[in-house]
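Inspection log for the structure reproduced underneath, given as structure tokens.
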Amino acid sequence: MEQAQLAYFDYAATTPVRPEAVAALTEAAAQFGNPSSRYEFGRQAAARVGADRETVAKALGCAPGELFFTSCGTESDNWAIRRGVEVNRRKGKHIVTTAVEHAAVLETCRDLERQGYEVTYLKPDRAGRITVEQVRDALRPDTALVSMMLVNNETGAVLPAAESVKAVKAADPAILFHCDGVQGFLKMDCPLARLGADLIAVSGHKIGAPKGIGALYVKKGVRLRPLLTGGGQEDGMRSGTEATAQTAAFAAAVRASLAEPERLERTAAVKEYTLLKLKEALPRLEVISAGDAPHICAVTLPGYKSEVVVRVLGDQGVCISSGSACHKGKPSHVFAAMNLPKPWLDGALRLSFSPDTTREEADRLARALKDAADSLFTTLS
Ligand code: PLP
């Protein structure tokens, strides 16, 4: 099916690559110099990566020297957590995180458990929310690191990262605070560095850059060791020849996003319209989370099988998701952690939006979902 025929409601999985990013990618790829080379052609490439870093750092609200390019959000999360706990290795081997984190965080924590770390997974309420009190209560004298996402990728719930940073630092300033900001970057009003976290992970393909580029913010003064060692690129923090085409595209996508008038308000408005239309068309539909963030919400058709619904809609060019794209058919650990009743869990769907999502697409989604509900089997009558 042609892209133009799609009604796309899966912007939390990935976003279309912006034309500005494609142009920057192509131009930078043609200028193939290695930023580490000592001749002019290499120096030009280094200067371009420096300018890209400034652009992304400015959008995050940090200094360019605090921002390191990586290959993706997953690498940034791995780096932050694996090396973050080492910063406090004398302090202890306890980690606090939430049960609703992305697999990039959860699987890293599980791996650390196998290496002798102890992890507290904070449980969300029925709306997917976590409280500062939960974070505070979980801290121990041997806590090395707290990892909390800003925006949940399946519910759109905004977690109290800024308040939690304050609570954690008040309890013990040595504890490192990592925030997975992948779904929050440029989707929230405030630049993410203002959260006060020591480490923040972001990813390019969620904001209109191609896949294969991310970044980690490391607050000045945090003595994080590199995860990848080698040629000492990225100021010795992340070895590997700089992905000059990707960094150019990342910066271009950031600029294009920031230039979009009222992007957050438009996204929130089309999400609200969609939820309204869905409720009108499908009286049985329940909203799991309307989402605090403008671009994500979760609904359920109780008793239906969400994978089947996703497939039926997909066949018609309507792209939605039964949870994070990373689950590949397994039930969502986020919805499961929220203790939803089984029929709700079975029928859970994630919808995610951009400022370019139209009301016509929303109407098409409502029609397609109604037709699917009318024709498919449900365990509830
Ligand atoms: N963290 C969150 C909250 C995400 O939604 C994702 C991707 O879906 C990631 C991390 C991983 O980012 P990437 O796909 O760039 O590895």
Leading residue by the ranking (surrounded by the fewest Cβ atoms within 10 Å (Cβ to Cβ)) among those in segment 137-172 that are under 24 Å from the mean Cα position of the chain (by Cα) and acidic (Asp, Glu): Glu163
Boolean, Ala12 is within 16 Å of the ligand (Cβ to nearest atom) and crowded, with 16+ Cβ neighbours inside 10 Å: yes
In segment 106-136, residue farthest from Val85 (Cα to Cα) [restricted to those that are in a helix (DSSP H, G or I) and either assigned by TED's automatic domain parsing to the domain that holds Ala298 or open to solvent by 50 Å² or more (accessible area, probe 1.4 Å) (or both)]: Glu133
Residue in segment 36-49 that is at pLDDT 95 or above, under 22 Å from Pro141 (Cα atoms) and surrounded by fewer than 18 Cβ atoms within 10 Å (Cβ to Cβ) present: no
Val96 vs. criteria in contact with a helix residue (DSSP H, G or I) (Cβ under 8 Å, 6 or more places away or on another chain), assigned by TED's automatic domain parsing to the domain that holds Val218 and in a strand (DSSP E or B): yes
Segment 178-194, residues that are under 17 Å from Ile296 (Cβ atoms), more than 13 Å from the ligand (Cβ to nearest atom) and not aliphatic (A, V, I, L, M): Asp189
Residue, surrounded by the most Cβ atoms within 10 Å (Cβ to Cβ), within segment 189-218, restricted to residues that are under 14 Å from the mean Cα position of the chain (by Cα) and in a strand (DSSP E or B): Ala201
Test for Ala197: is it modelled with pLDDT of 95 or more and more than 16 Å from the ligand (Cβ to nearest atom): no
Unique match (being open to solvent by less than 20 Å² (accessible area, probe 1.4 Å) and within 16 Å of the ligand (Cβ to nearest atom)) among Ala59, Ala99, Ala103: Ala99
Residues satisfying the stated conditions in segment 70-87, i.e. over 22 Å from Leu159 (Cβ atoms), crowded, with 18+ Cβ neighbours inside 10 Å and more than 12 Å from the ligand (Cβ to nearest atom): Arg83, Val87
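Got a number for residues in segment 205-238 being under 26 Å from Val17 (Cα atoms) and either away from the ligand (no atom under 16 Å from the Cβ) or without any contact (Cβ under 8 Å) to a residue 12 or more places away in the chain (or both)?
Looking only at segment 205-238, we keep the residues that are under 26 Å from Val17 (Cα atoms), and these are 205-217, 234, 238.
Pick out the ones that are also either away from the ligand (no atom under 16 Å from the Cβ) or without any contact (Cβ under 8 Å) to a residue 12 or more places away in the chain (or both) and you get 234.
Summing the residues that are under 26 Å from Val17 (Cα atoms) and either away from the ligand (no atom under 16 Å from the Cβ) or without any contact (Cβ under 8 Å) to a residue 12 or more places away in the chain (or both) in segment 205-238 gives 1.
Among the candidates Phe353, Phe377, which residue alone is of a type in the set (A, V, I, L, M, F, W, C) and closer than 30 Å to Phe185 by Cα?
Phe353
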When residues of segment 137-152 are limited to those that are part of a strand (DSSP E or B) and in contact with a Ser or Thr (Cβ under 8 Å, 6 or more places away or on another chain), the one nearest to Thr74 (Cα to Cα): Ser147
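Taking Ala174 as the residue in question, decide whether it is assigned by TED's automatic domain parsing to the domain that holds Arg90 and either closer than 26 Å to Leu349 by Cβ or in contact (Cβ under 8 Å) with a residue 24 or more places away in the chain (or both).
Values: assigned by TED's automatic domain parsing to the domain that holds Arg90: yes; either closer than 26 Å to Leu349 by Cβ or in contact (Cβ under 8 Å) with a residue 24 or more places away in the chain (or both): yes.
Yes: the conditions hold for Ala174.
The values are calculated or read from the model by the stated rules, or taken from the named source; none is laboratory data. Computed from a prediction, not measured in an experiment: that's the story for all the values here. Cβ sites come from the backbone with ideal geometry, for glycine too, and all protein chains shown count toward neighbours. To get the accessible areas, we keep the full protein, side chains included, count just its heavy atoms, and leave off ligands, DNA and RNA. Shrake-Rupley method; radii C 1.70, N 1.55, O 1.52, S 1.80 Å.
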